[in-house]
1. Please list, or write none, the aspartates and glutamates whose alpha carbon is within less than 15 Å of the alpha carbon of Lys26, excluding same-chain residues fewer than 8 places away.
2. Restricting to DSSP H runs of at least four residues, report the calculated mean residue ellipticity at 222 nm for the chain, -39500 (n - 2.57) per run over all residues, nearest 500 deg cm²/dmol.
3. Among the listed pairs Lys257/Lys361; Lys38/Lys170; Lys300/Lys361; Lys257/Lys349; Lys294/Lys353; Lys294/Lys362, which have their C-alpha atoms separated by more than 20 angstrom in this model?
4. Subtracting the Cα-Cα distance from 0.36 nm times the residue separation, let me have the gained length for Glu29 to Ala260 in nm, one decimal.
5. Can you tell me the 0 to 90 degree angle between the C-alpha axis of helix 94-136 and the longest principal axis of the chain, rounded to 10?
6. In nanometres, what is the gap between the two model label sites at Glu143 and Asp183, each 7 Å from Cα along Cα-to-Cβ?
7. Using alpha carbons only, how many angstrom separate the centre of segment 331-384 from the centre of segment 245-291?
8. Any chance you could tell me what percent of the C-alpha pair distances in segment 324-384 go past 18 Å?
Amino acid sequence: MPRNGSGNFSLGRRMMEDATKEESEKRLEMVQVLEALKQATQEIQRQQTSDSPAIKALLELQSILSSADPNLSALSDHLNRLKTLVHSLNHSKGLLSFLTRPLATHSLSRVAASIESEIEAWIHRETLNTLSASLRNPNQNEEHLVALLTRFRDRLSQGFNRHLQDLVLKLRLFSSLESVLFDDKSPNRVREQAGLAVAALIRFNKDVFVGQVLMGPTIRALLSMASVLSIEVLCSLIRSIRSPLVDEIESNAEIPKVIAMLNSDDLQLRVLAFECVLEIGFFGRKEAVEAMLKEGLVEKLMELQRSEQGGDLVEIGKQRVFDRHPLASCVAMFAVQLEVGEGLRQREKRAFKPQILVRVKKASVSDAEAATIAAEVLWGSSPC
């Protein structure tokens, strides 16, 4: 009996998954149709003719569209207006028609623009409802969810849209993205895409979404993943949110995790961790910089500078050096970030430079190395 019960439960779960997938596929098919109709409205605005295939496609939509749905009532009104205009243009004759045609074709273009706006809103509803349902389904197909997240990011990259933002807030999509990002049972690829979507939302409207990043688990989740993409996302968020995000990283004691990634066997991750260090150095306040120095950052950077990917720019030259030596002169690069950054006061900048030089001298394996790196630190930044 238990086995049969388990089998019935598995069958029921599969049926629910299949139903969810089928519903999602139907929505995506609808989106494809709507995208084609949106292109039709753009064609009408360009051509302003009343007998094009684009007009016929929209009139066909008018004939089957139900105005009972409150979300579609405005679209239905615009389509009815389009039908009236087309009928007027196709059946008017004589001198009056000749005189009023320019105004009528202009009205046609305006109605088409209104229809385009309503169709775009419809596309947003279908796409975001599908994404929201998929994010809440723990057994969602990985490829399908990645595709949905990619589509979502692509739309966000097109620029701000009030209707789209309202839908994101109404569906609580940010919280759903964070839940997936923080769920270590989700595939890493899906979690990374969720992180990229969070970063895209910040670029879409930082004022609205930045608070959710600062109060939520995003930073912790990205650092716990410690993958190339997750640290790329973290760097992007630091550049977007600046000092407040660095403050959160420091106050949550996450800086040691950033420094630890400089030990990674993955060169790409090691380089990105260094980029993250530079961003923290540029935007971080005194407490963040002190935390990095306390974790032995200068000593670790000197080790990296001694590696095959390191070296110093004076010896190897600057031209195209970072392709082969992405960690060249990394101690001086960090010092420069502090010097030109916006997180420290001038007196704090002056105080940190001698601290870096003292640590360089102590960690050097020779007087020559100490002199070279010290010269880079002093040469690469402005005089005190």
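1. Filter leaves Glu17, Asp18, Glu35, Glu126.
2. -26000 deg cm²/dmol
3. Details: Lys257/Lys361 25 Å; Lys38/Lys170 24 Å; Lys300/Lys361 13 Å; Lys257/Lys349 24 Å; Lys294/Lys353 15 Å; Lys294/Lys362 14 Å.
Checking Cα-Cα distances, Lys257/Lys361; Lys38/Lys170; Lys257/Lys349 exceed 20 Å.
4. Working: separation 231, 0.36 × 231 = 83.16 nm, distance 4.61 nm.
Gain on extension, Glu29 to Ala260, equals 78.6 nm.
5. 50 degrees
6. Roughly 2.0 nm, to one decimal.
7. Using only Cα atoms, the two centres lie 17 Å from each other.
8. Details: 588 of 1830 pairs.
Pairs farther apart than 18 Å: 32 percent.
Throughout, read-outs are computed from the coordinates displayed, never taken from laboratory work. This one's a predicted model, so the numbers in the text were calculated from it and none came from an experiment. Cβ atoms come from the backbone with ideal geometry, glycine included; neighbour counts cover every protein chain shown.
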